[in-house]
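The values are calculated or read from the model by the stated rules, or taken from the named source; none is laboratory data. This is a predicted model, so every value here is computed, not measured. Cβ sites come from the backbone with ideal geometry, for glycine too, and all protein chains shown count toward neighbours. Protein only, heavy atoms only, side chains kept; ligands, DNA and RNA dropped before computing areas. Shrake-Rupley method; radii C 1.70, N 1.55, O 1.52, S 1.80 Å.
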Amino acid sequence: MLLSFATRDYKVRYAQTFLGYGWSLFQPIASVAVLFLVFKKMMGIESEGVGYLPFVMSGLLLWNYFNFVISQSASALLNAQNMIRKIYFPKICLPLSKAIVGLVAPLVGFLILVIFLAQESNTNWLGLLYFFPALLVTSMASMGLGLWTSALSIRFRDLQQIIPFVLQILFFLTPIAYSSQLANSIVPKNLEFLLYLNPMTGIIESFRSVLFATPASDFIWISFVVSFALFISGLRYFQKIEMKIADII
Amino acid sequence: MTNKAISIEGLSKEYSISKGKDKFWALKDIDLQINAGKVMGLIGPNGAGKSTLLKILGKITYPTKGRALLNGSIASLLEVGTGFHPELSGRENIFLNGSILGMSKSDIKKEMEEIVEFSGVGKFLDTPVKHYSSGMYVRLAFSVAAHLRSDILLIDEVLAVGDAQFQKKCLAKMSSTTRDENRTVVFVSHNMSIARNLCDEIAYIEQGELQMVGDSKKVTDHYLKTLHGKSLDQPLKDRKDRSGTGEVLFEEIDFFDPKTNRSKTLICGEAAEFRVDYASRNREQIGDLVLHLNVFNDDGNYLASFSNQLVNVPYKNLEAQGTVHCSIPKLSLMPGNYYIKASLFVNGQRSDIVDRAINFEVLEGDYFGSGSFYKKRVPGIFLEQHWRI
């Protein structure tokens, strides 16, 4: 059933568009280009001695997936209201299927990253494999948040307004277009761990440190623990209210 | 001896309306046993709790008190075509819908040919369903559901859609599956003749309470009698079982014989006349008034409509309160009992709708003026006819 929902969303996503699946290639390239112009050319941001393109792509790739899964699953239940009222099926499939649909983009992004990396001299090619565990942890964090938000937004529709806004802010608070060293340097040492409550901070930093041998903070583990905690608690909470969804929605 | 497919014990369901302040019981203490392989009908007026009961059986919602035990796999068809995606083709939707309804991919593949044939949309199988006509859509959706291999099938009003021929086919398919495969069906219906023909037993529910269970003929007769009694009890303007915006309401509807002035008892083949009193609550003038008086026979089958829209007689800028008349030169209803479902539209909006606004009886008469009276009481319609050799 997870797969059926995912195939449905995948097929429908680019229905009646001119570029079709080309969009999944065009979008990441365009955003990398914009980030490159703004952060690198206009502001001259340091990327820890790594080429800016692979540097920003390595972060963006994971972030985009995180962003997609949360924003899609947050509205997954509300969009399927009619079905929920009329058919019995495991409703948890609705938000979770978004994590599968979303996989197309990071895989395309991964290829773009490989192309960028080929221009670099000192790439740790073996470290590229770390992308997959990093993606797994990202999917747990985003599914966890997705489960929470989809379940909560049945009662509190305000979440539908809040989520895009929060995600936009979070984009700038996550070291994607800049390095985590830069962020850590302006935060007092004893508050540095707070940055890692954002799961994406630690995940991206660890991916980069494996890939480019850049320094990594001692607090990375916090991000991983947060990701697991979000996933487990999201599942729990969703299961708790699953029975009542049809009555409330 | 017989094994129970469904046993419902002390089942109650409470809904809270408007943020938990007001609560009401949609179902109160229902006890019901359904044997495996039987077709159980659920009847009752709108809002009686039939659909809620079906939803609980289908695990869509949960009971507040009591429990429902179901033996076997369940498929519920509360609305045809839910879960269809307009952008996907018919074929893709069969897979999607089938898997939502609990079929495995290989099961769907096995049934594919039969589903397509049953639905009759063969040619358009790879067209997105948004381009389908509503009839095709419904046929495809029902075909998927009809091929589900479940022990228990829950159906709500789905047969109200689709053309008559297809409805018949569905009914045949449904009854054949129950006989052959020992499948249990729970079936909500408003159409008494369908319910009577299809169901082995019927449960009559009203205001969340089980009124009567048993032989389908006995229960439908009892139900119709109660309905009959109810609409006679109260004058139309005091009735609460109505829907619409309520801007303009029916005050009274009379259907009478203009020769004798006898109300609600008419003679087939003779003249008849409607008198409709309406009144507005807050308007001084009524911009555009459209009336529909739909005739149903006692089995709940729709027969005919009387409407000023049908004959293009617009009622514009009427006074807030008044009376309109409609005369029928020659009543072509056969002897029997009928009722009128009355709807009133103001400026295109549903203002007042009353199901079973009035009941009336048609007595035998010489419709064709041939000297032979048609005495059978089968509530249908006489049509003009000319026979030749």
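Per-structure values
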| item | result |
| --- | --- |
| Where B:GLU364 falls short, out of the listed (1) acidic (Asp, Glu); (2) under 18 Å from the mean Cα position of the chain (by Cα); (3) open to solvent by 50 Å² or more (accessible area, probe 1.4 Å) | (2) |
| Meets criteria (modelled with pLDDT under 85, of a type in the set (A, V, I, L, M, F, W, C) and exposed (fewer than 15 other Cβ atoms within 10 Å of the Cβ)) for B:LEU232 | yes |
| Some residue of region B:86-94 being among the small types (Gly, Ala, Ser), more than 13 Å from every other protein chain (Cβ to nearest Cβ), within 21 Å of A:VAL12 (Cα to Cα) and within 26 Å of the chain's Cα centre (by Cα) | no |
| Selection count, region A:71-107, where residues are open to solvent by 40 Å² or more (accessible area, probe 1.4 Å), away from chain B (no Cβ under 12 Å) and not in a helix (DSSP H, G or I) | 1 |
| Filter result (under 20 Å from B:PRO235 (Cα atoms) and either without any contact (Cβ under 8 Å) to a residue 40 or more places away in the chain or part of a loop (DSSP other than H, G, I, E, B) (or both)) within region B:258-297 | B:ASN261, B:ARG262, B:SER263, B:LYS264, B:ARG281 |
| Helices (runs of 4 or more DSSP H) lying entirely in region A:188-249 (those with 1 or more residues that are more than 14 Å from chain B (Cβ to nearest Cβ)) | A:199-212, A:220-241 |
| Among the residues listed as A:PHE55, A:PHE68, A:PHE39, A:PHE5, the single one being in contact with a Leu (Cβ under 7 Å, 6 or more places away or on another chain), part of a helix (DSSP H, G or I) and either open to solvent by less than 50 Å² (accessible area, probe 1.4 Å) or free of Cβ contacts under 8 Å to residues at least 60 places away in the same chain (or both) | A:PHE5 |
| Check on A:ALA6, within 14 Å of chain B (Cβ to nearest Cβ) and touching a Lys or Arg at 6+ places or on another chain (Cβ under 9 Å) | yes |
| Selection within region B:85-101 - touching a Lys or Arg at 6+ places or on another chain (Cβ under 9 Å) and in a loop (DSSP other than H, G, I, E, B) | B:HIS85, B:PRO86, B:GLU87, B:LEU88 |
| Looking only at region B:143-153, and only at residues there that are at pLDDT 80 or above and part of a helix (DSSP H, G or I), the one that is nearest to the chain's Cα centre (by Cα) | B:SER143 |
| Residues that are within 9 Å of another protein chain (Cβ to nearest Cβ) and either open to solvent by 40 Å² or more (accessible area, probe 1.4 Å) or more than 23 Å from B:GLY122 (Cα to Cα) (or both), drawn from region B:95-106 | B:PHE95, B:GLY102, B:LYS105 |
| Number of positions in region B:322-335 that are over 13 Å from B:ARG275 (Cα atoms) and touching a residue at least 60 places away in the same chain (Cβ under 8 Å) | 6 |
| Members of region B:200-229 found to be open to solvent by 10 Å² or more (accessible area, probe 1.4 Å), in contact (Cβ under 8 Å) with a residue 60 or more places away in the chain and of a type outside the set (Ser, Thr, Tyr), listed by number | B:ASP200, B:GLU201, B:GLU206, B:GLN207, B:GLU209, B:LEU210, B:GLN211, B:VAL213, B:LEU224, B:LEU227, B:HIS228 |
| Options B:LYS23, B:LYS55, B:LYS59: the member that is within 13 Å of another protein chain (Cβ to nearest Cβ), without any contact (Cβ under 8 Å) to a residue 24 or more places away in the chain, open to solvent by 10 Å² or more (accessible area, probe 1.4 Å) and under 30 Å from A:TYR10 (Cβ atoms) | B:LYS59 |
| Near pairs, Cβ below 9 angstrom, 6+ apart or cross-chain, from region A:223-246 (free of Cβ contacts under 8 Å to residues at least 60 places away in the same chain) to any residue that is open to solvent by 40 Å² or more (accessible area, probe 1.4 Å) and not in a helix (DSSP H, G or I) | A:MET243/B:LYS59; A:MET243/B:TYR62; A:LYS244/B:TYR62 |
| Unmet criterion (only one of (1) touching a residue at least 24 places away in the same chain (Cβ under 8 Å); (2) surrounded by fewer than 18 Cβ atoms within 10 Å (Cβ to Cβ); (3) more than 14 Å from chain A (Cβ to nearest Cβ); (4) of a type outside the set (Lys, Arg)) for B:THR127 | (3) |
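Yes/no per residue for (1) in contact (Cβ under 8 Å) with a residue 12 or more places away in the chain; (2) surrounded by fewer than 23 Cβ atoms within 10 Å (Cβ to Cβ); (3) more than 14 Å from chain B (Cβ to nearest Cβ); (4) under 21 Å from A:ILE162 (Cα atoms):
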site	(1), (2), (3), (4)
A:SER47	yes, yes, yes, no
A:GLY51	yes, yes, yes, no
A:ASN64	yes, yes, yes, yes
A:ILE115	no, yes, yes, no
A:GLU120	yes, yes, yes, no
A:LEU128	yes, yes, yes, no
A:ALA141	yes, no, yes, yes
A:GLY146	yes, no, yes, yes
